[in-house]
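Okay, structure first, notes after.
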Amino acid sequence: MKIHSLPKLKEILLNTLEQGSETGIVTHENPDGDGIGAALALQEILLTLNLKSDIILEEKIPEVYRFLNAESRTIVYDKDLSYKTLIVLDCHEHERLGSCEPLITKAENIIVIDHHIENNVIESDYFIDSAKVAVGAIIFLLFQEEIFQMNKKSALYVAEAVYLSIINDTDNFINSNVDEETFQVCAQLMELGLDPGSITKLFLLNKTPAEMRYVGGILNTIKEFCHGKVVFLNSTSKMLEQNKLDAKADYKILRWVKGMKNVEVVGYFSETSSGKYKLSLRSVSVNVNIIAGKFGGGGHKKASGCSLEGNLAEVEELVLTEIKKQLK
């Protein structure tokens, strides 16, 4: 059932959770700062309401989230896990849940909260508002009254988790999804004691020399198409090995090419294994959600992704063909 308002979402959520059953919180595969931040914020809010929940991820959470004690607050998926109630954050499609997807079939109650473009929604009670800047912001607006009644420590934790989600999905307020409500929410987070600069440094900066060498190697692969309107760049498993890094080093790579002069579409091909690539698309003018959708992916109009198989030249040609159709 589609939920059309935040008050109704809150009513359904609390009525479901008050039944006292075990609750699981999941987000999409390769979770980002919005999915993680929203999950951590919601977990803390529910805890203050005496409602226990587990955050389940496909694998151990990246170190970049250590400042929120995220490792001790999350668990890794196991096939024996099951929850009567499952809350799905920052995605609404079966295929985007990765190895956590079997939890859907085991759950009696499923509540989805998302802000991506609606497509193939999991059978559930779901709230999707693509106008919202981040799911973390939705969680804040949903429980605003309760958050301001929390003790200072818990309220600050929620504020930092929500701010993480916002700077992730706005790319530190650069993206066009930033609106008046975004700054209103952030102002209220500061009332709770948030220090924005410290979170930005911990999450978006704080890179090692090896990570910066890796970024440099990726930038060195830049190729131009369509008279400079399209740019592709890529990374390989070998590049990670050379710098003694893992796939988590890919996170936020596209920040380094944002705002290139006269470029309308950027495609980043990250090799996940031999002959397999994860594609991230960004654009200021083209609906890249349509392009990603051609390959079974999706996301937002200006930021989407998908998975592809083939050698690099083949997958680049496939994607470039679809981009050219949208540029016309």
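FYI, it's all coordinate maths here, none of it is from the lab. Source: prediction; values computed, not measured. Glycine gets a Cβ as well: all are built from the backbone with ideal geometry, and neighbour counts include every protein chain shown.
Ignoring everything except DSSP H segments at least 4 long, calculate the 222 nm mean residue ellipticity for the chain; use -39,500 (n - 2.57) per segment, divide by total residues, nearest 500.
Using -39500 (n - 2.57) per qualifying helix, the result is -11500 deg cm²/dmol.
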Anything in the chain that counts as a DSSP H helix reaching 20 Å or more along its axis (C-alpha) with Kyte-Doolittle mean of at least 0.0? List them, would you? 33-48, 152-170, 312-327
Could you derive backbone 3J(HN,Hα) for segment 63-79 from the dihedral phi with the Karplus parameters 6.51, -1.76 and 1.60 (θ = phi - 60°), listing whole Hz in sequence and x where the residue is Gly or Pro? 5, 4, 9, 4, 5, 9, 6, 5, 5, 7, 9, 10, 10, 8, 4, 9, 4
Scattering from the C-alpha atoms of segment 261-328 alone, worked out with Debye: what is log10 I(q)/I(0) at q = 0.14, 0.27, 0.28 1/Å? -0.35, -1.23, -1.30
Potential lengthening between K248 and M212 on full extension [0.36 nm per residue; Cα-Cα distance subtracted]: 11.6 nm
Taking only the C-alpha atoms, wrap a convex hull around the chain and report its volume per residue in Å³ as a whole number. 136 Å³
Given a Förster distance of 22 Å, the FRET efficiency implied by the Cβ-Cβ spacing of E145 and K52, rounded to the nearest 0.05, works out to 0.55
Residue order, fewest to most surrounding Cβ atoms within 10 angstrom, among C186, C91: C186, C91
Given Cα pairs under 8 Å that are at least 6 residues apart, what percent is the relative contact order of the chain? 13 percent
Of A41, A247, A161, the most mobile residue in a GNM of the chain (C-alpha springs, cutoff 10 Å) is A247
Order these by the 10 Å Cβ neighbour count, fewest first: Y163, Y65. Y65, Y163
May I ask you to evaluate 6.51 cos²θ - 1.76 cosθ + 1.60, the Karplus curve with θ = phi - 60°, for each residue of segment 113-127 and list the ³J(HN,Hα) values in order in whole Hz, giving x for glycine and proline? 10, 8, 9, 7, 4, 5, 6, 6, 6, 4, 4, 5, 8, 9, 10
Rounded to two decimal places and with Rh computed the Kirkwood way over Cα pairs, what is Rg over Rh for segment 209-327? 0.94
Given the options S273, S237, S53, which has the most mean-square fluctuation in a GNM of the chain, springs set between C-alpha atoms less than 10 angstrom apart? S273
How would you rank R96, R66, R213, R73, going from fewest to most other Cβ atoms within 10 Å of each one's own Cβ? R66, R213, R73, R96
